[in-house]
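No lab work stands behind these numbers, since they all come straight from the coordinates. These numbers were taken from a predicted model, which means no experiment stands behind them. Cβ sites come from the backbone with ideal geometry, for glycine too, and all protein chains shown count toward neighbours.
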Amino acid sequence: MRFRQDSQSTVHLPDDHTPEQARRAARAVQLLQDGLRAGASIRARQVTGHPIQVWQANDGQQVLQCQSSGSSGAPKTIQRRPDSWIASFEISRREFGAGEDTPYAVLGDPGHSLVLFAIMEALHLGADLSVLTGLSPRAQLQGLKRDKVQVLYATPAQLRLLLKTHPEPLPEMRLVFSGGGKLDVDTASALSNLFPNAQLHEFFGASETSFMSIAPPETPIASVGRAYPGVQIELRDANGHPVGQGPGELWVKSPYLFEHYVEGDSPDTRWNGDFLTVGEMARLDDDGFLYLLGRKSRMVTVADHNVFPEVVEAEVVRAVGSTRCAVVVVPDAARGQVLVAVVEGAANDEAIRSIKNRCRDTLGEPSMPRQVLFVEALPMLPAGKPDLKALEQFARGQG
């Protein structure tokens with residue numbers, strides 16, 4: 001099975017008068033199209049130069065390689081076979097009604113796996129595609145309207161930027177897929193006004209696993225949904241034994257899993273037969289909804305209690321709205337270590353009290369940040385995730 005470009009697809013690319021990032025994305029998509037027509041292998045990299053490379057493998061087998069980086073910033077490149085993504089493309093056709101008559105759009109760089117997935121899904125299904133990378137949010141909205149886009153793949157951060165322009169509703173939109181971060185209540189509500197006729201589907205996955213869960217409309221706000229079609233979820237303890245609804249380490253079996261790393265590695269990523277884990281901790285409720293607790297590697301002990309910084313981050317966001325934040329750990333003489341929340345925005349005593357009270361009341365005393373720091377903008381990694389190492393050094397310097 002090979003990736004292909006359906007000849008019915010029309011790709012709308014930025015013109016020569018747009019910013020360099022937009023022109024670079026256009027060149028990358030054109031290279032990708034040529035490579036798919038030739039049956040070439042594809043390598044996507046999160047770089048500012050040439051995010052897409054193509055080559056013909058000596059054995060004639062087509063593969064896809066995607067570069068990603070976690071919270072440490074260390075680059076990893078995974079390899080997968082075409083059928084692992086094509087299976088998902090067909091789910092979009094069968095389960096969500098996507099196809100040649102539903103124009104697609106992307107907002108991000110083709111070197112990122114979420115954007116590349118959306119581009120290749122559109123080409124596979126024969127749908128028209130609008131590449132709006134590198135344009136201002138206002139120009140992106142104009143492009144969505146002009147091209148009558150019906151399917152949009154985007155991150156929560158990209159969607160928030162669209163909403164900041166106070167746009168008029170776009171009734172043509174039918175499907176919005178959001179991944180790469182948790183959607184907050186305010187953003188989800190505002191998107192229902194921007195796209196009044198669209199189904200909003202938040203999904204959870206990783207470069208190694210592709211889709212693991214997807215959220216139907218009735219999903220509780222703290223959940224990332226139920227198992228994606230074709231995915232088998234199992235929660236296990238430290239000895240690898242199933243623990244029912246958990247909490248436990250999240251293992252998945254599906255047709256969408258990667259083959260192996262061709263660059264870098266991750267000790268959190270482990271195989272056990274046909275099951276794979278990337279070290280995520282989670283629990284399930286009685287209705288099969290999945291709730292993430294955080295990466296096993298980020299779990300810390302505070303006053304003899306296990307604490308997940310990601311869970312604390314979610315409560316910080318709920319306490320102050322949709323502001324971005326990160327929670328890091330610093331040494332403490334009395335407790336061994338404590339949490340520090342770093343929040344984007346101006347210092348605010350009321351926000352500090354709200355954050356501490358909410359975290360203490362909902363998660364318990366050990367999960368309450370002992371200090372709340374404010375910065376104009378969080379330092380970010382190329383993958384769009386907070387630079388936790390830089391933030392930890394910053395927090396230690398403020399103690």
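To the nearest 10 degrees, how steeply does helix 309-320 sit against the main Cα axis of the chain, on a 0 to 90 scale? With both axes taken from Cα atoms, the answer is about 90 degrees. Relative contact order of segment 299-398: 27 percent, from C-alpha pairs under 8 Å at least 6 residues apart in sequence.
Between residue 38 and residue 370, residue separation times 0.36 nm minus the direct Cα-Cα distance comes to 113.8 nm. Model label points for residue 350 and residue 239, set 7 angstrom from Cα along the Cα-to-Cβ axis, are 5.3 nm apart. Compared with the dominant Cα axis of the chain, that is its longest principal axis, helix 185-194 is turned about 30°.
Summarised as an ellipsoid, segment 249-399 has semi-axes of 29, 18, 16 Å, derived from the eigenvalues of the Cα gyration tensor scaled by 5 and square-rooted, with the largest first. Taking Cα atoms only, the orientation of helix 349-363 departs from the longest principal axis of the chain by about 90 degrees. Among 18, 209, 323, the order by Cβ neighbours within 10 angstrom, fewest to most, reads 323, 18, 209. Taking the three principal axes of the alpha carbon atoms in segment 121-170, the coordinate ranges are 33, 21, 18 Å, sorted in descending order. Note on segment 1-98: Cα Rg divided by 2.2 N^0.38 Å, N the number of residues, gives 1.20. Shown for 50, 201, 112: other C-beta atoms within 10 Å of each C-beta, ranked fewest to most, produce the order 50, 201, 112. A simple packing score, the average count of other Cβ atoms within 10 Å per residue, orders the peptides 135-144, 348-357 as 135-144, 348-357, with the highest score first. Counting other Cβ atoms within 10 Å as a rough exposure proxy, the listed residues 214, 221, 42 run 221, 42, 214 from fewest neighbours to most. Modelled spin labels at residue 398 and residue 361, positioned 7 Å past Cα toward Cβ, are 2.3 nm from each other.
Computing FRET efficiency as 1/(1 + (r/R0)^6) for residue 299 and residue 377, where r is the C-beta to C-beta distance and R0 is 30 Å, gives about 0.65.
Computed from point charges on the beta carbon alone (+1 for Lys and Arg, -1 for Asp and Glu), the dipole magnitude for segment 1-103 about its Cα centre is near 420 Debye. Taking the Cα centre of segment 299-398 as reference, the dipole from Cβ charges on Lys and Arg (+1) and Asp and Glu (-1) amounts to some 40 debye.
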